[in-house]
1. Please compute the modelled spin-label separation between A87 and K191, points set 7 Å along Cα→Cβ, answer in nm with one decimal.
2. Go ahead and run the numbers for FRET between A175 and E111, Cβ-Cβ distance against an R0 of 35 Å, rounding to 0.05.
3. Could you sort the peptides 47-55, 84-92, 225-233 by per-residue average Cβ neighbour count (10 Å cutoff), highest mean leading?
4. Just the number, please: Stokes-Einstein D of the stretch 42-105 in µm²/s, Kirkwood Rh from C-alpha pairs, 25 °C, 0.890 mPa s.
5. In terms of modelled amide H atoms, which long-range or inter-chain residues lie less than 5 Å from the amide H of R164?
6. Using amide H atoms built in the peptide plane, which far-off residues or other-chain residues are under 5 Å from A54 H to H?
Amino acid sequence: MTGNPEATDATRPGKAAARRAPRAVKLDAVCAQATDLALEAAREVGGEMVGAPADVTADGERLVTHRFAALQPGYSGWYWTVTVARAPRSKHVTVSEVALLPGSDALLAPEWVPWSERLRPGDLGVGDLLPTAPDDDRLVPGYVLSDDPELAEVEYEIGFGRPRVMSRLGRDETAERWYTSRSGPESDLAKAAPARCGTCGFYLQLAGSLGSIFGACGNLFAPDDGRIVSADHGCGAHSEALVEPTPPVPPAPMALDDDIEVIRTTHTPGSVEDSTDAEPLGHG
């Protein structure tokens, strides 16, 4: 004989686990047969949009849910669910709840995302307002004392009316966004350019720390006119992009025919005789 003969059922792993395992809920037959009652309750809410019975499930002791197909357009995979119950030792079934719920293969709307996370560049239209959070890390109060030289240049300006200015973090994020955009050095336009924007006469350098790498394009005919570009960006409208002169084409040698045939003609008198004086032409 193996094992501990004095071990109780509580100390034996097999039997203890069996006791702790949840017992399957038995489907109550009386509640399960109340299909007509459940269908009537569902149609009081859903009307003609309640379809045929789908299934019946046990939710608890004498607690059963009937499901009916939903016929609403756009609600594919949804069901009208009616939960019924009865008291112990009673055959009277009552309706507890009616709801329209999605099934496992239902067509659902995507998870809701706050507007501040859905917003994308270019979404702001005419008349739209975009409030900035009070704790936005990209901004700091205009009067804050900082070791940032950008803020030190403007914090004591007379008549300075901006309550908040861009923080160092905000400028770093802006510089990275601009540099990796189509106005940066990695765009196809810049790679095919004859020279860089920093050497162009139409390049207007920004002030402050961002001016070391960014400026605005002032060339009417450039694709980035009026936009911020990096100094190492470029395009074909560079001020020093000159068209190479086309080399002159030498004239073709004159072809002479050495075989010359001399043809003599005789004058046939017309209406004017050769001896007649010519009429004055008005030149003298």
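Bear in mind that the values in this text are calculations on the coordinates, not laboratory data. What you are looking at is a predicted structure, and each value in this text was computed from that prediction instead of being measured. Note that we place each Cβ from the backbone using ideal geometry, even for glycine, and neighbour counts take in every protein chain shown.
1. Spacing of the two 7 Å Cα→Cβ label points: 8.1 nm.
2. According to the calculation, E is roughly 0.60.
3. The most tightly packed comes first, giving 225-233, 47-55, 84-92.
4. D, rounded to a whole number, is 199 µm²/s.
5. Under 5 Å from the amide H of R164 lie the amide H atoms of G142, each far enough along the sequence or on another chain.
6. Correct list: R67, F68, A69.
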